[in-house]
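Here's the structure we're looking at; comments come further down.
The values are calculated or read from the model by the stated rules, or taken from the named source; none is laboratory data. As the structure is a prediction and not an experimental result, all values here were calculated from the model. Counting neighbours? That spans all protein chains shown, and the Cβs are built from the backbone with ideal geometry, glycine included.
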Amino acid sequence: MRSDRCVHYRGKGNRMDNTEQIIEGTVTNVSDAVATLWDAASALIIEYAFSVVGAIIILIVGFIVAGMVRRWVYSALSRLRDSDETLNLFLAKGARYTVLILVFVMVLTQFGVQTASIIAALGAAGIAIGLALQGTLQNIAAGIMLLFLRPFQVGDFVETANATGVVKEIGLFATEFETLDGLYLLAPNSEVWGSAVTNYSRLPKRRFDLVVGIDYKDDIDKAMAAFEALASEHDKVLADPEPFIYVSNLGDSSVEVTCRVWISTADWWTVSRELIKQAKQRFDAEGLSIPFPQRDVHLIREEA
């Protein structure tokens, strides 16, 4: 009986020893794995420490240089004659983002990343975005062309295929107008750039043709003399080019006499309306009639 008990206790002790050995082996393996990971991490830290420090330095210097480039570009463009504020800001921001993109590529190169594939992916993404935003990009491109070529400026009265009014603001996406009846009009730049633009304010002087029809029985020379006196007496009618008076048409009901004068652009609207009023008053004073449209009707009787 005693011998059996001793054998039984001895078997239990062997199982405990095996469990302890398994635990010790597991702990040893975990320790070895942790040591291996630590060695690998240490090697990576040592290997990329200078790269991380270099990348941080590149980022800091890059952001500083990007800000300086933006200020330099904006300052240089602002000193140009007739520079536009919107275009100056757009180009200055574009220069800053260009520097930042170069800094980002330099940081990736610092870590040994092949930037060729990244640049190709960015190019493909840019093409996809460009196709999706085709209309918007057209407006931006048209806005840049309007700001560069400057067919009109803020304050000019212009006429396009879809818009007529005074220019209030030229943006990158659209141009703002105030119409003659005081309404706000926003026209996309692509439509403004894609049509013919008539600028009534750009040149310093503008021609005005005043056409008046007189009766066929009236004296043509007397009408031309009245026009000549009218043009010479008005102080805002330009002497160069000098006024030109001529018979422009023999109409159905009247002889059309034209007085062609030149007026400064700033005074064109006011002076042209004054000349129309004064012409009627002077022709009435000279006894020259302005006939209404007339038609002769001949009645033919048929014989019974």
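Looking only at residues in region 144-166 that are in contact (Cβ under 8 Å) with a residue 40 or more places away in the chain and part of a helix (DSSP H, G or I), which one is surrounded by the most Cβ atoms within 10 Å (Cβ to Cβ)? Ranking the qualifying residues of region 144-166, first place goes to 146. Residue-level check: of (1) in contact with a strand residue (DSSP E or B) (Cβ under 6 Å, 6 or more places away or on another chain); (2) surrounded by 14 or more Cβ atoms within 10 Å (Cβ to Cβ); (3) free of Cβ contacts under 8 Å to residues at least 40 places away in the same chain, residue 236 misses just (1).
On the basis of being in contact with a Leu (Cβ under 8 Å, 6 or more places away or on another chain), in contact (Cβ under 8 Å) with a residue 24 or more places away in the chain and among the small types (Gly, Ala, Ser), does residue 223 make the cut? In short, yes.
Among the residues of region 193-238, those identified as more than 46 Å from the chain's Cα centre (by Cα), of a type outside the set (A, V, I, L, M) and not in a helix (DSSP H, G or I) are 213, 215, 216, 217, 218, 219. Filtered by the rule that a residue be part of a helix (DSSP H, G or I) and at positive phi, region 254-288 gives no residues.
Cβ-Cβ below 9 Å, separation at least six or inter-chain, first residue in region 186-205 and over 22 Å from residue 140 (Cα atoms), second among the hydroxyl-bearing types (Ser, Thr, Tyr) and in a helix (DSSP H, G or I): which pairs? Pairs that qualify, where the first residue is over 22 Å from residue 140 (Cα atoms) and the partner is among the hydroxyl-bearing types (Ser, Thr, Tyr) and in a helix (DSSP H, G or I), are 200/265; 201/265; 202/265; 203/265; 204/265; 205/265. Of the candidates 291, 241, the single residue that is part of a loop (DSSP other than H, G, I, E, B), out of contact with any Cys (no Cβ under 9 Å at 6 or more places or on another chain), surrounded by fewer than 14 Cβ atoms within 10 Å (Cβ to Cβ) and not small (Gly, Ala, Ser) is 241. Residues 300, 290: which one is touching a Lys or Arg at 6+ places or on another chain (Cβ under 8 Å) and outside the structural domain of residue 215 (by TED's automatic domain parsing)? The match here is 290.
Entry remark, region 167-183: residues being surrounded by 16 or more Cβ atoms within 10 Å (Cβ to Cβ) and assigned to a strand (DSSP E or B) number 6 in total. Of the residues 132, 124, 116, 141, the single one that is aliphatic (A, V, I, L, M), at pLDDT 70 or above and loosely packed, with under 12 Cβ neighbours inside 10 Å is 124.
Look at (1) under 30 Å from residue 152 (Cα atoms); (2) without any contact (Cβ under 8 Å) to a residue 60 or more places away in the chain and you find that residue 231 fails only one, number (1). Being in contact with a strand residue (DSSP E or B) (Cβ under 9 Å, 6 or more places away or on another chain), buried (at least 17 other Cβ atoms within 10 Å of the Cβ) and acidic (Asp, Glu): is that true of residue 209 here? For residue 209, the condition - in contact with a strand residue (DSSP E or B) (Cβ under 9 Å, 6 or more places away or on another chain), buried (at least 17 other Cβ atoms within 10 Å of the Cβ) and acidic (Asp, Glu) - is not met.
Every residue, every condition in (1) in contact with a strand residue (DSSP E or B) (Cβ under 6 Å, 6 or more places away or on another chain); (2) under 29 Å from residue 263 (Cα atoms), yes or no:
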position: 136; (1), (2): no, no
position: 152; (1), (2): yes, yes
position: 159; (1), (2): yes, yes
position: 166; (1), (2): yes, yes
position: 173; (1), (2): no, no
position: 187; (1), (2): yes, no
position: 198; (1), (2): yes, yes
